[in-house]
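In what follows, a structure is listed as structure tokens, so that the remarks can point back to it.
The values are calculated or read from the model by the stated rules, or taken from the named source; none is laboratory data. The structure displayed is predicted, hence computed values, not measured ones. Don't worry about glycine lacking a Cβ; one is built from the backbone with ideal geometry, like all the others, and counts go over all protein chains shown.
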Amino acid sequence: MGERITITQDESTVTITDDNAQGRVIYTDGRQASASGQSLGQWKKGKLIVRTEGPRGELKETMELAEEGTTLFVTVSMQSSGGRGMKFKRVYTRDAGAAE
């Protein structure tokens with residue numbers, strides 16, 4: 001993802017587009033789709049959890065909007081098929097002029 005992202009949502013998808021016009025569609029209605037593996041997105045307690053399984057291992061992304069509504073936390077956990085793991089967090093802040 002780039003430094004700036006745009007997120008749109010409808011009843012069955014969440015679309016994330018970065019500042020390089022690279023887009024990603026996450027289906028939240030049970031459909032699985034991804035260019036890099038099989039992804040499944042679902043809402044749990046106000047968080048969007050996306051699990052992607054591919055030939056190199058598993059990726060879990062947890063996206064959560066802070067209570068004040070202007071900060072998005074994206075926690076990423078990766079587990080390779082060889083057993084190595086990594087976890088990191090990205091933090092995004094809403095533009096003052098962004099649409100609600």
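Could you list all residues from segment 78-89 that are surrounded by fewer than 15 Cβ atoms within 10 Å (Cβ to Cβ) and within 15 Å of the chain's Cα centre (by Cα)? Break it down into steps so the answer makes sense when it comes.
Let us first name the residues in segment 78-89 that are surrounded by fewer than 15 Cβ atoms within 10 Å (Cβ to Cβ), namely 80-89.
Residues satisfying the conditions are LYS87, PHE88, LYS89.
For segment 71-94, which positions are outside any strand (DSSP E or B) and in contact with a strand residue (DSSP E or B) (Cβ under 6 Å, 6 or more places away or on another chain)?
So in segment 71-94, the residues outside any strand (DSSP E or B) come out as 81-84, 94.
Selection gives SER81 alone.
Exactly one residue among GLU68, GLU64 is assigned to a loop (DSSP other than H, G, I, E, B) and modelled with pLDDT of 90 or more, and that residue is GLU68.
Being out of contact with any strand residue (DSSP E or B) (no Cβ under 6 Å at 6 or more places or on another chain), over 20 Å from GLY97 (Cα atoms) and free of Cβ contacts under 8 Å to residues at least 40 places away in the same chain narrows it down to one residue among ASP29, ASP19; which is it?
Working: ASP19 fails: over 20 Å from GLY97 (Cα atoms).
Going through ASP29, ASP19 in turn, just one is out of contact with any strand residue (DSSP E or B) (no Cβ under 6 Å at 6 or more places or on another chain), over 20 Å from GLY97 (Cα atoms) and free of Cβ contacts under 8 Å to residues at least 40 places away in the same chain: ASP29.
Restricting GLY30, GLY46 to residues that are exposed (fewer than 11 other Cβ atoms within 10 Å of the Cβ) and under 14 Å from the mean Cα position of the chain (by Cα) narrows the list to GLY46. For THR52, the criteria (1) within 24 Å of THR93 (Cα to Cα); (2) under 11 Å from the mean Cα position of the chain (by Cα) hold in every case but one, which is (1).
Can you go through GLU3, GLU53, GLU67, GLU58 and tell me which one is over 25 Å from GLY97 (Cα atoms), of a type in the set (D, E, K, R), surrounded by fewer than 16 Cβ atoms within 10 Å (Cβ to Cβ) and free of Cβ contacts under 8 Å to residues at least 24 places away in the same chain? Let's see the steps before the verdict.
On the way: GLU3 fails: over 25 Å from GLY97 (Cα atoms); GLU53 fails: surrounded by fewer than 16 Cβ atoms within 10 Å (Cβ to Cβ); GLU67 fails: over 25 Å from GLY97 (Cα atoms).
After ruling out the rest, the residue left standing is GLU58.
Within segment 36-83, can you find the residues that are charged (D, E, K, R) and either touching a His at 6+ places or on another chain (Cβ under 6 Å) or closer than 20 Å to GLY23 by Cβ (or both)? Break it down stepwise before answering.
Let us first name the residues in segment 36-83 that are charged (D, E, K, R), namely 44-45, 47, 51, 53, 56, 58, 60-61, 64, 67-68.
Passing the criteria: ARG51, GLU61.
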